[in-house]
Amino acid sequence: MDALTITRESPLTDDLTLLFQRHAAEMQSQTPAESIHMMPRADLDRPEIAFYVLREEGRPVAMGAIKTIAKGHGEIKSMHVLRENRGRGLSRMLLDHLLGHAGTTGLSRLSLETGAQEAFGAARGLYSRAGFAECPPFGSYRPDPHSIFMTRDL
């Protein structure tokens, strides 16, 4: 894993198209349209969002972001690892990086929304092992049978 890097980048970088296409395709294949809370790529390019890319030998293989949603409160958005790169600990590496970013930027709480379907079980397990616990909907979210909301203090 010597050739792995995680850097803050623009979500509009040309070589990220495959990551966004796969992320959208997975969400759309598992979740009804009205329950997909994925932000459009262009909307991730905002000052209140820190967008990170994990690259292997320069090739993007994962992405994730933190959006500041209130004073001291951030939300993990668009976390995705390409399927062919899963099972190598890259999700945990990226999540740890996001947690580190959150801690150094004054956030005291980090929350997220993920799917309730079986396909999202690995993601829920990752977040749970990282100290996240289920919580009620936060921010502008409303109860949704297709969503699980999780949070943790930093």
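Of all the residues in the stretch 82-101, those that are within 13 Å of the chain's Cα centre (by Cα) and more than 20 Å from Leu12 (Cβ to Cβ) number 8.
Matching residues to (1) polar (S, T, N, Q); (2) at negative phi; (3) part of a strand (DSSP E or B):
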{"position": "Arg22", "(1), (2), (3)": "no, yes, no"}
{"position": "Ala50", "(1), (2), (3)": "no, yes, yes"}
{"position": "Met79", "(1), (2), (3)": "no, yes, yes"}
{"position": "Ser91", "(1), (2), (3)": "yes, yes, no"}
{"position": "Leu94", "(1), (2), (3)": "no, yes, no"}
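Scanning the stretch 125-150 for residues that are surrounded by 12 or more Cβ atoms within 10 Å (Cβ to Cβ) and closer than 19 Å to Met39 by Cα yields a total of 10. Listed by first and then second residue, the pairs linking a residue in the stretch 26-37 that is touching a residue at least 24 places away in the same chain (Cβ under 8 Å) and more than 19 Å from Leu82 (Cβ to Cβ) to a residue that is in a loop (DSSP other than H, G, I, E, B) and hydroxyl-bearing (Ser, Thr, Tyr), with Cβ atoms under 9 Å apart and 6 or more places separating them unless they lie on different chains, are His37/Thr31; His37/Tyr141. Checked against (1) over 22 Å from Ala24 (Cα atoms); (2) without any contact (Cβ under 8 Å) to a residue 40 or more places away in the chain; (3) assigned to a helix (DSSP H, G or I), Gly103 passes all but condition (2).
Readers should treat all values here as calculations from the given coordinates under stated rules, not as data from a laboratory. What you see is a predicted model, and the numbers here were worked out from it, not measured in a lab. Cβ coordinates were reconstructed from backbone atoms using ideal geometry, including for glycine residues, and neighbour counts include every protein chain displayed.
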